[in-house]
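The values are calculated or read from the model by the stated rules, or taken from the named source; none is laboratory data. None of these values were measured; they are calculated from a predicted model. Here Cβ is always computed from backbone atoms with ideal geometry, including for glycine, and neighbour counts include all displayed protein chains.
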Amino acid sequence: MDAHVLKYNATVSEKIMVSPDLMILHVEADEPRSEFEAGQYLLLGLYGHESRSSNAEPEEKPPQPDKLIRRPYVIVSERTERTQFEFFISQVRTGQLSPRLFNLEKGSRLHICGSNAGIFRLDETPDGSDIIMIATGTGIAPYISFLRSHIIERPESKMIVIQGGRHRWDLGYSGELTFLEKHYANFFYVPTLTDADEEWDGLRSNIEDLLRKDFIQNEFNITPDPERTHFFLCGNPEMVANVSEWLVGFGYRRHHPDSPGEFYVEEF
């Protein structure tokens, strides 16, 4: 079926504004979807005639009104969900789709489409291996699904989330991650800020500098070892490139479907 005749097939059930350009969107599908694995994504879509958010900036290339604009967004929900899906979305103010998504309210209609896709999957790592998940911005989304879906299944693995941002409000899902740290002995949450206010009593560093200063070795007694510890990287491209280079120095290989490796990268 051509995209221009596709009908909306889902409804916004909840919208939580984290900041003017970050939101958590809950979407209910009209019909149950197929199974997905934690870390995979769906395509969200709106037509070009839909209104954009009040703080959006002029589009670089306005779409045709009858064009269905679609983009992939990682599913934050636990992998057992079939109709209720959660997404963590940042607004690109000059973009075509995200300002339209930010203008949605509870009860608004939209389209979800495509098969569940993505190769950023925790279930492909060896049992017993330690898992370090590194994120900035909305790159935290797949890790929330990882933890909601798998943390109970892997009590023998140390699981660490290192989340970086400029300000405290950049740390999406920090409350849930702090809760998990208190309730699971094998899980550790490491938030770090580069432009924190005076009330912040946590780490003040970018992620790359933290790793170069042997933070995980000193704090968690984990030496980067491809045989024992797997890494996931998601977020700012510069951070991903720098951490990837750091890992290669320890003998890590980037994972590809046709060439398994020990660190996984999700690029937005």
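So here's what we get for this one:
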| quantity | calculated |
| --- | --- |
| Single residue of region 126-148 satisfying the filter (over 18 Å from the mean Cα position of the chain (by Cα) and touching a residue at least 60 places away in the same chain (Cβ under 8 Å)) that is nearest to Tyr8 (Cα to Cα) | Pro126 |
| Test result for Pro142, buried (at least 19 other Cβ atoms within 10 Å of the Cβ) and touching a Lys or Arg at 6+ places or on another chain (Cβ under 7 Å) | no |
| Per-region count, region 213-232, residues in contact with a helix residue (DSSP H, G or I) (Cβ under 7 Å, 6 or more places away or on another chain) and loosely packed, with under 13 Cβ neighbours inside 10 Å | 1 |
| Cβ-Cβ under 7 Å pairs, at least 6 apart or on other chains, region 20-39 side without any contact (Cβ under 8 Å) to a residue 40 or more places away in the chain and assigned by TED's automatic domain parsing to the domain that holds Glu105, far side part of a strand (DSSP E or B) and among the small types (Gly, Ala, Ser) | Asp30/Ala10 |
| Filter result (crowded, with 20+ Cβ neighbours inside 10 Å and of a type in the set (Val, Ile, Thr)) within region 23-54 | Val27 |
| Leading residue by the ranking (nearest to the chain's Cα centre (by Cα)) among those in region 89-124 that are β-branched (Val, Ile, Thr) and crowded, with 19+ Cβ neighbours inside 10 Å | Ile89 |
| Hey, Ser259 among the hydroxyl-bearing types (Ser, Thr, Tyr), free of Cβ contacts under 8 Å to residues at least 24 places away in the same chain and more than 20 Å from Asp123 (Cβ to Cβ) or not | no |
| Residues that are hydroxyl-bearing (Ser, Thr, Tyr) and within 30 Å of Ile89 (Cα to Cα), drawn from region 196-239 | Ser205, Thr229 |
| Scope region 165-179; condition farther than 13 Å from Trp200 by Cβ and crowded, with 21+ Cβ neighbours inside 10 Å; matching residues | Gly172, Tyr173, Leu177 |
| Pairs with Cβ under 8 Å, 6+ apart, first in region 150-179 and under 11 Å from Met133 (Cβ atoms), second charged (D, E, K, R) | Met159/Asp130; Ile160/Asp130 |
